[in-house]
Amino acid sequence: ITENRSDLEDLHLYATPREQRFRRFASLEFEGQLFMTPYDFIQAVTSDEPKRAKKWRSLSKQELNQILMETPPVWKGSSKLFRNLNEKGVISYTEYLFLLCILTKPHAGFRIAFNMFDTDGNEMVDKKEFLVLQEIFRKKNEKRERKGDEEKRAMLRLQLYGYHTSTNSVLKTEGEDVVPRSYWDTLRRSTSQALFSDLAERADDISSSLSDTTLLVHFFGKKGKAELNFEDFYRFMDNLQTEVLEIEFLSYSNGMNTISEEDFAHILLRYTNVENTSSYLENMRGTIPEEKGITFDEFRSFFQFLNNLEDFTIAMQMYNFASRSIGQDEFKRAVYVATGVKLSPHLVNTVFKIFDVDRDDQLSYKEFIGIMKDRLNRGFRGYKPIQRYTTFKSCVRKELYSR
């Protein structure tokens, strides 16, 4: 089915930026609810705009069941799961938010995430416990809803959550948040309240009113009776981070083992608020005369560091470097102390050449942290339109459809 353009634009007025992005990239509809395919999700986190026209294909119950029947169990997961599933999967809006959270979490945070879901403390997460996030994210969204036509907002809730929701408070609240919290912070705060609210009791009602999804079947089996242990949960989160990084790396490597330093700079500056990226690129070209290339291991280690950016920021403040520039040795040492990640000398040198605008071999701490926070939170702070590259388009398409 294709949504009427005026209705599409009208509902966009009541949607948050995250909701708008989900609606733009989602390609499936089942009983009024919108879903992404695994391919849609990959596109949403690696592209600026969908590759196809705005169109939602309506799934029949039989088609949905067939998709879910072909979903592999969690122990068969890999860093190619989403690419292998491609169009054969359904991801809900709240699962989209959950997956975005995963992309920005350090490995040390995986245990915290698991414990947040494991509300009964039995070292296993069941389907009922996992579905609590559905209500938590929904309640956060209700607090942020834009005022206006109640009928339109109800239509939007149906598209995103699959059922009509009331505006009665479910979670205990402490008044409106003064500072908008991320979905991760909301999840961390609210799951601790789950045992003391009616969320857990409502999970059965939620489960009966919602359709199964690829993630639910992947985690808890086709009958929903399996339980998820920490090892499988950790492997899923690590595989997802690796898969997205592999896709970004492959989009520039053209089959080689490395990407150029300039391509690395392009990737770093994606989804940031840097208005004039050319100045950073020109600065780097002039200070790295000989191209050596960035390997995938170096590429991945840098993004593992970014996922620990909060700890690094604290370490820098303790070192009292927050108010001044820092050198390469200080930077490398602070990264290792704060995150346990060892960055290669060449990678650190490349980062410095990108951001060392005045060429004094010192890094402006505040400017670097600000830009990297934008890059880290690519799914949360919105997307800045950037120049599109033919190699990026062709390689992602080739990678996704060759699986």
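The values are calculated or read from the model by the stated rules, or taken from the named source; none is laboratory data. Please read these numbers as outputs of a predicted model, since none were measured by experiment. As a convention, Cβ positions derive from the backbone with ideal geometry for all residues, glycine included, and neighbour counts pool all protein chains shown. The protein model used for the area step is the full one, side chains on, heavy atoms only, and it has no ligands, DNA or RNA in it. Shrake-Rupley method; radii C 1.70, N 1.55, O 1.52, S 1.80 Å.
Structure notes:
- Qualifying position, being within 30 Å of Gln33 (Cα to Cα) and part of a helix (DSSP H, G or I), among Tyr280, Tyr234: Tyr234
- Scanning the stretch 285-302 for residues that are assigned to a helix (DSSP H, G or I) and open to solvent by less than 20 Å² (accessible area, probe 1.4 Å), we see that the one that is farthest from Leu343 (Cα to Cα) is Phe299.
- One residue alone among Ile326, Ile267 is touching a strand residue (DSSP E or B) at 6+ places or on another chain (Cβ under 9 Å), open to solvent by less than 10 Å² (accessible area, probe 1.4 Å) and over 30 Å from Leu100 (Cβ atoms), and that residue is Ile326.
- When the stretch 35-77 is filtered for residues that are touching a Gly at 6+ places or on another chain (Cβ under 9 Å), open to solvent by less than 10 Å² (accessible area, probe 1.4 Å) and more than 20 Å from Leu250 (Cβ to Cβ), the ones remaining, listed by number, are Phe35, Met36, Thr71.
- Verdict on Leu68 being outside any helix (DSSP H, G or I) and farther than 19 Å from Glu246 by Cβ: no
- Residue match in the stretch 310-323 (condition: assigned to a loop (DSSP other than H, G, I, E, B), more than 23 Å from the chain's Cα centre (by Cα) and modelled with pLDDT of 90 or more): no
- The residues of the stretch 88-125 that are assigned to a loop (DSSP other than H, G, I, E, B) and under 26 Å from Tyr336 (Cβ atoms), listed by number, are Thr104, Lys105, Pro106, His107.
- Screening Asn349 against (1) buried (at least 17 other Cβ atoms within 10 Å of the Cβ); (2) under 26 Å from the mean Cα position of the chain (by Cα); (3) not basic (Lys, Arg) leaves a single unmet condition, (2).
- In the stretch 277-284 there is no residue that is crowded, with 18+ Cβ neighbours inside 10 Å and over 24 Å from Asp358 (Cβ atoms).
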